[in-house]
Amino acid sequence: MQFEIITPDKKVFDGEVNVPFWLAQIYSTLGELPVAIGFFQTTIALFGEHEALYYSMGKCYQDLSHRQEAQQCYEKSLALNPNFQSAQMALAQ
């Protein structure tokens, strides 16, 4: 099993502990992808948008075979940071 953890920079955290983000990472690692997606969405609602959040949510959708939702997340990630290589690679697949 391979683990990939994407940690958003401090602009997402705004000095606060981002519990929903870490719960999303935990549930994603455990394979509870719908739950992880919900926590990524909560993180975005509470702390704002970040390319790594949309990328991680896209990976969850991709692993659930929800290709359209995954593509939308990767595109949103690139809209926030056109140089984000993980999202570029995911879209190229």
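Normalised by the number of residues in the range 11-89, what is the relative contact order in percent for Cα pairs under 8 Å and 6+ residues apart? Relative contact order, the range 11-89: 24 percent. Each residue, THR42 and GLU69, gets one label point 7 Å from its Cα in the Cβ direction; the gap between the two is 1.7 nm.
In this view, the solvent-accessible surface of HIS66, computed with a 1.4 Å probe and all protein chains in place, comes to about 80 Å². Here the Karplus curve 6.51 cos²θ - 1.76 cosθ + 1.60, taken at θ = phi - 60°, turns the phi angles of the range 61-71 into couplings of 4, 4, 5, 8, 6, 9, 5, 5, 5, 4, 4 Hz, with x standing for Gly and Pro.
The values are calculated or read from the model by the stated rules, or taken from the named source; none is laboratory data. Given the structure is predicted, the values throughout are model-derived calculations rather than measurements. Ideal geometry is used to build each Cβ from the backbone, glycine not excepted, and the neighbour counts take in all protein chains shown. Note: areas computed on protein heavy atoms with side chains; ligands, DNA, RNA excluded. Shrake-Rupley method; radii C 1.70, N 1.55, O 1.52, S 1.80 Å.
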